[in-house]
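Chemist: Have a look at the structure that comes next, please.
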Amino acid sequence: MMNRSKPTLEVLGIKIFRLIFTLFLIALICVEPQSSKAQSIGGVDLKSIKVDDLTDEQILGLIRQAEERGLTQAGVEELARQRGVSESEITKLRRRVEALRIGLGKEGIGVEPKRNSRRTTQITTDNDVFGSLAGDEAPDLTEEQKRIFGFDLFQKENLTFAPNLNLPTPVDYQLGPGDELIVDLWGATQQFLSFEVTTEGTIRPDNLGPIYVNGLSIEQAEKKIVDRLAQIYSGLKSNGDQVSTIFSQVSLGNIRTIHVDVIGDVTKPSLYALPSLATVYTALHAAGGPTEDGTFREIRIVRDNKLLSTIDVYAYLTEGIRSGDQRLKNGDVIIVRPFKVRVELEGEVKRPGLYELKSGEKFKDLLNYGGGFSNSAFQALVTVKRNGEREREIIDVEADEFESFEPKDGDLIEVSGILDRFSNRVIIDGAVFREGEYQLTDGLTLKQLIEKADGLRGDAFMTRATIYRTNEDFSQATIPVDLTQLMDANIPDIPLLREDVVRISSIYDLREEHFVQITGEVLEGGVYPFFNQMTVQDLIVLSGGLKESASGALIEISRRNKDSSVNSTAEILTFSIDEDLSLRSEDRERILQPFDQVYIRKSPGYTIQEQVTIEGEVLAPGQYTIRKKDERISDLLNRAGQLTPYAYPRGAILIRKTEFSDAKSNDEISQEYLQQLRQKVLGDESELKNISQVRLIERLDKIENRVNADTDNDRVGSQFKKDLIEDITERDSLIENIVIQEEEPVAIDLDKILESPGSKYDLIVRPGDVISIPGKLETVRVAGEVTSPLNVRFDASYSFKDYIYQSGGFLQNAKRGRSYVQYPNGERKGVRRFLWFKKYPKVEPGSTIFVSRKPERGGMSAQAWIGIGSGLATIGLVVVQAIRLTN
């Protein structure tokens, strides 16, 4: 029994041991994350921290985690010390945080301290040590805040009044706990020592006792530190004939942080942590400056429960002098009380707004704060609106009272502008050489004013000039003057008064502007200015000369009819042009009159070459010029050598331009030919051109962009037909899908044309026509609603239906009665009906059979059936009622 129970107890013991070990592991797993969490912030293990290996993002995460846990910067450093972090790593971390705080980034962080380095400190509060990293912008100012003089001074982010830490330490700076002293030794030894002043005011060098430096200046501390270090480094001081072999320098490194209270009417009253070199302006900027009710003129600094000084911010705003500004000490209190006197200055001053005044300050001081009068201010008098005991009152302050008048709280001081008028001005305009405004001198007369304006122009209307005079009651009077009599001294000169306006009209102002017009067969038709003694030849020269088409034509002059007794609307004068484009001697000197319209007619029958194209199976295809207006297709075929043996006359087609084609006028065609000539001359590779070629290029350059009125006879009619077709297409819903083309085929019967030249089948050709004669055709195309659209070999024995069957027959939705055949010449023939019989058109080689589709019909909706039923029921009811009435 004993031997049997022993293994059982051993097994039980092993199981208990395993259970306890398992519970221990579970407890260890649960506790370890909490322990590691306590030793890490922001995912960084404080125990094994290496600041140089941390990125900026990890530093920022450390800052945010610390803020969430309510830790200050000192708390983070203390936590790091408890986890065994070295002081060097803590110092590096502090510098990294401060560098990020001022936005230096990686370039200014993570490096060893340099000699004479100086700590950079950002202004923060105890409640938010890292708040300066938030990047909050200054809030937008209200309209009232913008009007308060100096209010935005402490709202600007780029003007922080932060102390410059890169300057030498001030002579009166006193060391205190938290300051860092840098001791640099060189010479016989190289040492770079850093000491932080403890809370007891001492520093502790290695192998030496504490050195008390609290309250000492840098110079005093240096002497004391060197004396103590000389106990270790004997070369620091000379001894008799032995000169010193070690040199030293003591400087201030990181400066301490002080705490200052900013209270009263400030934007953010609080206790602020500031660098020990901070001033009152630094603290005011940290607190956001005074509020709308806070004073800018009497800001108090209290130290050790005593008033140290007062600050007037206006001295800095106007003169750049920080009067009363003090370097702050730990425990200082800055108080901003409500303002006492604030007045409003508006109107013609350089800086209108709300200003705070101290006791005894006058309007002259207020004007100085406002930047002085503007250049359009009325400086002899200002108006003050003041709040009385029961009602408001107005006070006029004259210029001699500016230095004695003392504004009161709530005053509104208005500076008005000078009057918008002149005390000694006269004006002359019109037909003089120098129009404008002139000074009214004593005894100035009209004739003298004209002489000041450099006299009358040649186009002055001498019969009458007008003086417009403004009376004292602002009514106006006119004084007419005969300038001819005035300038000849036949009438007395007229004295001028203030604001007189002299108006001397031009003869051209009093009549319609004269011009002449020339149109027709000239190079540059249009409207031209009229000149005295202007002839028809002068006008033709101005218009660039005559065109070749004007040869032998008539010139017609249309002249305005000035005789009211004659029953005519215009006087018409005609004369002709010689063959050399010159006028006859008597017509050349014909004098034009204003508003004459000259028409240069085109020579009858004159036209430029117009072409027709013949292509296909003719002996000489190509372009042919139309030689007469009634030339027909047969005439052109004779010129082309007639048809070849392979021609298929039944398939010939005529393609003709429609009204919608972009056809060019004769002038445009001539311009194209000239530009082609210009390009050819310019394209000559030879750099040496004779004088005739150079002159030709110059002439072609002048006419490159010339635009003339179109004088073709049928252009207006063609445009009208085009507009009419477009209008019908837009209005008629039945032809809304019509396709308007620039070219359309014209069906012709070439066999009949060749059999009967000049018959009705033989059409007259038009410019741009294309006559296409195909070769022999051997297929028929079947398209549309058939089973298999294709090309079928032509067979004279086949009928229309035979070709349909060759393509698989009609589809179910085919509309057989609307089928048609299009022949090669463009002619179409459809299926004819007579009762129940259908006659299908004949099919020829090259034809195309089109089978139309039945229109799609949608099924009737339930509403439609209900409507039909309702209509039938109504009709039935009407019929029943009618039958009853008849019975």
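The values are calculated or read from the model by the stated rules, or taken from the named source; none is laboratory data. Everything numeric in this text was worked out from a predicted model, so none of it was measured. Every residue, glycine as well, gets a Cβ built from its backbone with ideal geometry; the counts of neighbours run over all protein chains shown. Surface accessibility is based on the protein's heavy atoms, side chains included, excluding ligands, DNA and RNA. Shrake-Rupley method; radii C 1.70, N 1.55, O 1.52, S 1.80 Å.
Chemist: Of everything in region 276-306, what is basic (Lys, Arg) and within 25 Å of Leu354 (Cβ to Cβ)? Give them in sequence order.
Modeler: Arg297, Arg300
Chemist: Out of curiosity, is Ile258 of a type outside the set (Asp, Glu), at pLDDT 85 or above, assigned to a helix (DSSP H, G or I) and open to solvent by less than 60 Å² (accessible area, probe 1.4 Å)?
Modeler: Spelling it out, it is not the case that Ile258 is of a type outside the set (Asp, Glu), at pLDDT 85 or above, assigned to a helix (DSSP H, G or I) and open to solvent by less than 60 Å² (accessible area, probe 1.4 Å).
Chemist: Further, regarding this structure: Of all strands (runs of 3 or more DSSP E) completely enclosed by region 818-868, which ones contain at least 2 residues that are open to solvent by less than 100 Å² (accessible area, probe 1.4 Å) and of a type in the set (A, V, I, L, M)?
Modeler: Qualifying strands (runs of 3 or more DSSP E): 848-853.
Chemist: Going residue by residue through region 410-420, is there one that turns out to be out of contact with any helix residue (DSSP H, G or I) (no Cβ under 7 Å at 6 or more places or on another chain), closer than 16 Å to Asp493 by Cβ and exposed (fewer than 13 other Cβ atoms within 10 Å of the Cβ)?
Modeler: So far as region 410-420 goes, no, none of its residues is out of contact with any helix residue (DSSP H, G or I) (no Cβ under 7 Å at 6 or more places or on another chain), closer than 16 Å to Asp493 by Cβ and exposed (fewer than 13 other Cβ atoms within 10 Å of the Cβ).
Chemist: Consider region 597-617. How many of its residues are modelled with pLDDT under 90 and β-branched (Val, Ile, Thr)?
Modeler: 3
Chemist: In region 386-409, which residue that is closer than 24 Å to Gln145 by Cα and in contact with a Gly (Cβ under 9 Å, 6 or more places away or on another chain) is most open to solvent (accessible area, probe 1.4 Å)? Quick ask: steps written out before the conclusion?
Modeler: From region 386-409, those closer than 24 Å to Gln145 by Cα are 386-387, 407-409; that's our starting set.
Remaining after also requiring in contact with a Gly (Cβ under 9 Å, 6 or more places away or on another chain): 386-387.
Numbers: Arg386: 28, Asn387: 92 Å².
Top of the filtered list is Asn387.
Chemist: Related question: Give the residue, chosen from Arg469, Arg503, Arg457, Arg464, that is within 22 Å of Arg434 (Cβ to Cβ), touching a Leu at 6+ places or on another chain (Cβ under 7 Å) and of a type outside the set (A, V, I, L, M).
Modeler: Answer to the selection: Arg469.
Chemist: How about region 506-557: which of its residues are open to solvent by 20 Å² or more (accessible area, probe 1.4 Å), of a type in the set (S, T, N, Q) and within 22 Å of Tyr606 (Cα to Cα)?
Modeler: Correct list: Thr519, Ser551.
Chemist: Only one of Val333, Val260 is touching a residue at least 40 places away in the same chain (Cβ under 8 Å), among the β-branched types (Val, Ile, Thr) and out of contact with any helix residue (DSSP H, G or I) (no Cβ under 9 Å at 6 or more places or on another chain); which?
Modeler: Val333
Chemist: Say we look at region 787-797 and pick out the residues that are closer than 14 Å to Val851 by Cβ and either small (Gly, Ala, Ser) or touching a helix residue (DSSP H, G or I) at 6+ places or on another chain (Cβ under 6 Å) (or both); which of these is surrounded by the fewest Cβ atoms within 10 Å (Cβ to Cβ)?
Modeler: Ser788
Chemist: Related question: Do you know which of the residues in region 478-500 that are touching a residue at least 60 places away in the same chain (Cβ under 8 Å) and touching a Leu at 6+ places or on another chain (Cβ under 7 Å) is most open to solvent (accessible area, probe 1.4 Å)?
Modeler: Per the stated criteria, the residue is Arg498.
Here's the yes/no breakdown for (1) open to solvent by 70 Å² or more (accessible area, probe 1.4 Å); (2) modelled with pLDDT under 90; (3) under 30 Å from Trp186 (Cβ atoms):
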site	(1), (2), (3)
Gly209	no, yes, yes
Lys223	yes, yes, yes
Asn239	yes, yes, yes
Ala278	no, yes, no
Gly288	no, yes, no
Ile301	no, no, no
Lys306	yes, no, no
Tyr314	no, no, no
Arg322	yes, yes, no
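Chemist: A further question on this structure: Would you check if Gln593 is surrounded by fewer than 18 Cβ atoms within 10 Å (Cβ to Cβ) and under 16 Å from Ile555 (Cα atoms)?
Modeler: yes
Chemist: Ile600 - would you say it is touching a Lys or Arg at 6+ places or on another chain (Cβ under 9 Å) and surrounded by 13 or more Cβ atoms within 10 Å (Cβ to Cβ)?
Modeler: yes
Chemist: Would you check which residues across region 172-201 are among the hydroxyl-bearing types (Ser, Thr, Tyr) and either open to solvent by 40 Å² or more (accessible area, probe 1.4 Å) or part of a strand (DSSP E or B) (or both) and list them?
Modeler: Those that are among the hydroxyl-bearing types (Ser, Thr, Tyr) and either open to solvent by 40 Å² or more (accessible area, probe 1.4 Å) or part of a strand (DSSP E or B) (or both): Ser194, Thr198, Thr199.
Chemist: Within the group Arg503, Arg560, which residue is under 56 Å from the mean Cα position of the chain (by Cα), over 30 Å from Thr607 (Cβ atoms), at pLDDT below 90 and open to solvent by 40 Å² or more (accessible area, probe 1.4 Å)?
Modeler: Criteria check complete, one pass: Arg560.
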